[in-house]
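What follows draws every value from the coordinates through simple rules; no lab data is involved. Everything numeric here is computed off the predicted structure, so don't read it as measured data. Quick reminder, even Gly has a Cβ in these numbers, built from the backbone with ideal geometry, and neighbours come from all protein chains shown.
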Amino acid sequence: MTNHKVIVALGDRSYPVIVGSGASTELESLLPKTAKRAVIITQQNIPFEVKLSLPNTKIFIGNGEQYKTLQTIETISQQFAKFGLTRSDVVISIGGGMVTDVAGFAAASWHRGTAVVHLPTTLVGMVDAAIGGKTGVNLEQGKNLVGAFWQPSAVVCDVDALKSLPERETRCGLGEVAKYHFLSGDDLLSLEMTSRIARCVEIKAKIVSDDEREQGGRAVLNYGHTLAHALERSSGFALAHGEAVAIGMIFAAHLAHVMNRIDDLRLAYHYKVIRDVYGLSVSIPNTMKRNQLIDLMRLDKKAIDGLTFVLDSKNGIEIVSGISEKYLNESFDAMQLL
């Protein structure tokens, strides 16, 4: 089967995203010609290997969001120095969204910018996290609050990596795929997996090309994410990102509904797509409390002008700022959260 190739068009910083079975065999041809050595950033539990002819070393980072920190970036940087990584060399990430976020930020910081190539091994990583140049780590106060925009030199989505994923991890990826369903209106589940991933990449590539640094339209990629990030933190990250995004989109639909931006049919359509078609949970765990979630949402990095959400409307998905807490409470009431 021929691999799909999607270009993220950013002028002289444009780069390819290769999607397909066995796509990792193209990795070495996509590395910068200046690179004389490589550092691979990955995790111990990722059973995916790549073959490189240039000298390389591996850095293993911890599993879980508790390791997505500035301390991890410092540890990685010390290993870069020990290995003698230069600005002309390359960093390669192999793993899910956490790995691509951490590796991308480490590369952006090392010598004020060292090339990075991502090889995402999860569905979330392939359709979302590895593409677009957003990197970052968490603080106690919020998710992804410290980071940089640093575009990769290439992204390689080898769908063979998905074969070893547990069912829950694949289901989490469907949360992000469902997001693209609402952004594009495409029936993504009608496509086989490789074509589905490639279509999601095309949608994101177009949005990123139009708004690289999220100063406008790119923020629509955060559909469902305002509550999702709060849910993740409130659960101690026991709730996975894709699961949280699915619930977050349902909450955003209720919020749009109480604000008269969408009608009953459109609200019901969200439930049909997310719960019935994609098979994802649409309920906020009853162990969580709305006041804590609202406080966490106020820390969201989009909240420049009060509570800010990406919401549906008759004109499509839009960014809405300065939302009254009254509407949030009405939405929580509709979802029966105390």
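Which length gain, in nm to one decimal place, applies between Asp276 and Thr34 when the Cα-Cα distance is subtracted from 0.36 nm times their residue separation? Don't skip to the answer; put the middle values down first.
Details: separation 242, 0.36 × 242 = 87.12 nm, distance 4.95 nm.
Going from the current span to full extension adds 82.2 nm.
Between Arg87 and Leu299, with labels modelled 7 Å along Cα→Cβ, what's the label distance in nm to one decimal, could you check?
It works out to 3.5 nm between the two label points.
With N set to the residue count of segment 163-312, report its C-alpha Rg divided by 2.2 N^0.38 Å to two decimal places. List each step's numbers first, then the result.
Numbers: Rg = 15.2 Å, N = 150, 2.2 N^0.38 = 14.8 Å.
Compactness ratio reported: 1.03.
Using θ = phi - 60° and the Karplus curve 6.51 cos²θ - 1.76 cosθ + 1.60, what whole-Hz ³J(HN,Hα) does each residue of segment 221-230 get, with Gly and Pro shown as x?
Values, residue by residue: 5, 8, 4, x, 7, 4, 6, 4, 5, 5 Hz.
Please list 203-211, 241-249 highest first by mean number of surrounding beta-carbon atoms within 10 Å per residue. Mind showing how you got there, number by number?
Details: 203-211: 18.3, 241-249: 26.7.
Per-residue mean Cβ counts within 10 Å order the peptides as 241-249, 203-211.
Mind sorting His257, His229 by how few other Cβ atoms lie within 10 Å of their own Cβ, fewest first?
On the way: His257 22, His229 25.
Ordered by Cβ neighbours within 10 Å, fewest first: His257, His229.
Calculated FRET efficiency, Ala9 and Phe48, Cβ-Cβ r, R0 41 Å, to nearest 0.05?
Efficiency at R0 = 41 Å is approximately 0.90.
Which whole-Hz ³J(HN,Hα) couplings does segment 24-38 yield from phi under the Karplus relation 6.51 cos²θ - 1.76 cosθ + 1.60, θ = phi - 60°, glycine and proline marked x?
Whole-Hz 3J(HN,Hα) from phi for segment 24-38: 5, 5, 8, 3, 4, 5, 9, 6, x, 5, 7, 5, 9, 8, 9.
What's the percent breakdown of Cα-Cα distances in segment 223-334 across 5 Å bins, shortest bin first?
In order of increasing distance, the bins hold 2, 13, 24, 27, 21, 11, 2, 0 percent.
Using a Förster radius of 25 Å, what is the FRET efficiency between Glu192 and Thr25 based on their Cβ-Cβ separation? Nearest 0.05, please.
The value I calculate is 0.75.
Any chance you could list P(r) for the chain, counting all Cα-Cα pairs in 20 angstrom bins from zero, rounded to whole %?
33, 57, 10
Percentage of Cα-Cα pair distances in segment 8-60 greater than 12 Å, rounded to whole percent?
Summing the P(r) of segment 8-60 above 12 Å gives 73 percent of all pairs.
If you restrict to DSSP beta bridges whose two residues both lie in the chain, what percentage is antiparallel, to the nearest 5?
Bridges in the chain that DSSP calls antiparallel: roughly 40 percent.
For Gly95, which sequence-distant residues (separation of 5 or more, or a different chain) have an amide H within less than 5 Å of its own amide H, given hydrogens modelled in the peptide plane?
Leu119, Thr121
Which value in deg cm²/dmol, rounded to the nearest 500, describes the helix-derived mean residue ellipticity at 222 nm for the chain, given -39,500 (n - 2.57) per DSSP H run of n ≥ 4 and division by the residue count? Numbers along the way, then the final one.
Numbers: 9 runs with 118 residues, N = 338.
Result for the chain, helices only: -11000 deg cm²/dmol.
Give me the one-decimal nm value for the distance between modelled label points at Lys326 and Glu140, 7 Å along each residue's Cα-to-Cβ direction.
Distance between label points: 3.6 nm.
With θ set to phi - 60°, apply the Karplus curve 6.51 cos²θ - 1.76 cosθ + 1.60 along segment 48-62 and write out the HN-Hα couplings as whole Hz, x wherever there is a Gly or Pro.
Each residue's phi maps through the Karplus curve to give 9, 10, 10, 9, 10, 8, 7, x, 8, 9, 10, 10, 9, 9, x Hz.
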